[in-house]
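Nothing in this text is a laboratory measurement; each read-out follows from the coordinates by a stated rule. Predicted model, so just to flag it, every value in this text is computed and none were measured. Methodologically, a virtual Cβ is constructed for each residue, glycine included, from the backbone with ideal geometry; neighbour enumeration extends over all protein chains shown.
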Amino acid sequence: MPNPTDDLHFLRDPYPTYATLRAACPVQQVPTDSGGHTSYLVTGHAEARAALADPRLSKDTAAFFADKTSRQCLHPAVAHNMLATDPPQHTRLRKLVTKAFATGAVTELRPFIAQTTQALLTRWPAGETFDFVAGLAVPLPVIVICELLGIPEEDRPTVQRWSGDLFAAGQPEIIDAASHHLADYMTNLVATKRSAPGNTLLDRLISARDDDTHLTEEELVSLAVLLFIAGHETTTNFLGNATLALLQHPTALRRLRESPKDHPAALDELLRYDAPLSLTTFRYTTEPLTLGDVAIPTGTPVRIALGAANRDPQRFPEPDLLDLGRDATAHLSFGHGIHRCLGAPLAKAEAEIALRTVLTRHPHIRLAVPPAELRWRRTRLVRGLTSLPVLA
């Protein structure tokens, strides 16, 4: 696969590359880095769905890489979080945070999300260019997850910057430093909440018990870091990608503007069309397995290209077409299986409210620059715009 730090064409549109890879073979061995290491890349939808749910593909990469040399020195709270665990540890940790992101809990948040969206959009000067990413897509989910966790308002820009630095492809020193900054911050926040308890999600995790066993200090800090990152990164990219897709497809934009009831169903197609998480983190095989017709030996790294799977013509006819009438509920943008994104209901609620509010307040929204001038984040892992200048 192309290196995202130097291939601007791939950053702008990775889907032709994904299509070529998938057409050659939906599961194939590819270079992982310039050091001669390889992994298996999954680009087909059926194969990706199977891989995401296969217990023989472990997420406990700490065990896999324990005897391997790494140039990175990530803080354990980032390197060994819940996403990098297998059952039974993963089951126990996930159970403790599931309720916070259930549909009922998200419903209670909707008025706050709507109020925050309206407040952010009042900063859009009439007749002037507005950066949709900096003005709405970034701050909205950051504010919401910070409210959930109890992160003070004055600290939010700093922790958000550290979170963004974790995706600085090709810059391990920046990634490492950000992981330590975030973990140290959450360690101090946990200590503060212990001395002055409140009613936030983090407070509830501090007092949470499972079979009369508290979360360890390391687990608390790791969950706090993960919830903060996962609670806004995907949604930020989703909002930017979805808005750009609509601005480039006037018929779809008009449909949403004229029929607000279509918004919930349209979200799945927008997620499928341009996934906010393009590529999963590594899994590795704990025993030999076959994906598609490809045999993968034990101890082999595997990555799943969610963006490629979502455009597999075997599952979605005319996959490069944005069709808001399509049943796209089988998309894999939130993953599948036991590691499916916990925050999916919250992300969809934020996107639905934000898009409806924008189209109501600014029905004639349009791009302020040619699409070729848009810039994308330099990373394979997530797919998102660094800015999106628009006009009303």
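Which residue, chosen from 112, 158, 14, occupies the Cα position most advanced towards the positive end of the dipole of the chain, where the dipole is computed from +1 (Lys, Arg) and -1 (Asp, Glu) charges on Cβ about the Cα centre?
112
Explain nothing, just the number: relative contact order of the chain, from Cα pairs under 8 Å at least 6 residues apart, as a whole percent. Don't jump to the answer; show the numbers that get you there.
On the way: 603 pairs, mean separation 109.0, N = 392.
Worked out over the chain, it gives 28 percent.
Residue 134 to residue 171: extension gain in nm, 0.36 nm per residue of separation minus the Cα-Cα distance? It would help to have the intermediate numbers written out before the result.
Details: separation 37, 0.36 × 37 = 13.32 nm, distance 2.28 nm.
Once the chain is fully extended between residue 134 and residue 171, it gains 11.0 nm.
Students often get this wrong: which residues of the range 266-299 have the backbone nitrogen under 20 Å from the point 7 angstrom along Cα-to-C-beta of residue 33?
Taking a point 7 Å out along Cα→Cβ of residue 33, the residues of the range 266-299 whose backbone N falls under 20 Å are 279-285, 299.
Please work out the FRET efficiency for the pair residue 321 and residue 391, using the Cβ-Cβ distance as r and a Förster radius of 22 Å; give the result to the nearest 0.05.
0.25
Please give the contour-minus-distance gain from residue 381 to residue 46: 0.36 nm per residue of separation, less the Cα-Cα distance, rounded to one decimal in nm. Could the numbers behind the result be given before it?
On the way: separation 335, 0.36 × 335 = 120.60 nm, distance 2.05 nm.
Once the chain is fully extended between residue 381 and residue 46, it gains 118.5 nm.
Counting only residues 5 or more places away or on other chains, whose amide H sits under 5 Å from the amide H of residue 289 once H atoms are built in the peptide plane?
Sorted by chain and number, the residues that satisfy this are 296.
Testing the spin-label approximation: label points 7 Å from Cα along Cα→Cβ at residue 56 and residue 161. State their distance in nm.
The modelled label-to-label distance comes out at 4.8 nm.
Can you flag which of 99/348; 59/95; 99/261 are past 20 Å Cα-Cα? It would help to have the intermediate numbers written out before the result.
Working: 99/348 17 Å; 59/95 17 Å; 99/261 27 Å.
Where the Cα-Cα span goes over 20 Å, the pairs concerned are 99/261.
Take residue 298 and residue 8, extend 7 Å from each Cα along the Cα→Cβ direction, and tell me the distance between the two endpoints in nm.
If labels sit at residue 298 and residue 8, their model points lie 4.8 nm apart.
Say the dipole of the range 8-391 comes from +1 at the beta carbon of Lys and Arg and -1 at that of Asp and Glu; which of 266, 343, 32 then lies farthest toward its positive end?
266
For the range 8-391, give the magnitude of the charge dipole about the Cα centre (Cβ charges: +1 Lys/Arg, -1 Asp/Glu; no others), in debye to the nearest 20. Write out the running numbers ahead of the final one.
Values: 39 positive and 41 negative charges, 137 e Å.
I would put it at about 660 debye.
What's the FRET efficiency of residue 126 with residue 153 using the Cβ-Cβ distance as r and R₀ = 25 Å, to the nearest 0.05? Mind showing how you got there, number by number?
Details: r = 27 Å, r/R0 = 1.07.
Efficiency at R0 = 25 Å is approximately 0.40.
Longest exposed-loop-site-free stretch of the chain, with trypsin sites (Lys or Arg not before Pro), DSSP loop and at most 15 other Cβ within 10 Å?
Values: sites that count: 56, 68, 71, 123, 340, 375.
That would be 124-339.
Work through the residues other than residue 113 whose Cβ is under 14 Å from its Cβ and net out their charges, Lys, Arg +1 and Asp, Glu -1. All intermediate terms of the calculation are to be shown ahead of the outcome.
Details: positive: 110, 348, 356; negative: 108, 147, 350, 352.
Once all neighbours under 14 Å are counted, the net charge is -1.
So if I place +1 on the C-beta of Lys and Arg and -1 on the C-beta of Asp and Glu, and nothing else carries charge, what would the dipole magnitude of the range 157-266 be about its Cα centre? I want it in debye, nearest 20.
Values: 9 positive and 14 negative charges, 166 e Å.
Result for the range 157-266 is approximately 800 debye, rounded to the nearest 20.
What does the charge count near residue 177 come to, summing +1 for each Lys or Arg and -1 for each Asp or Glu among other residues with Cβ under 11 Å from its Cβ?
-4
Could you put 181, 75, 45 in order, starting from the residue whose Cβ has the fewest other Cβ atoms within 10 Å?
Numbers: 181 18, 75 21, 45 24.
Least crowded to most crowded, the residues run 181, 75, 45.
Using 0.36 nm times the number of residues separating residue 25 and residue 108, minus their current alpha carbon distance, what extension gain do you get?
So the extension gain works out to 25.4 nm.
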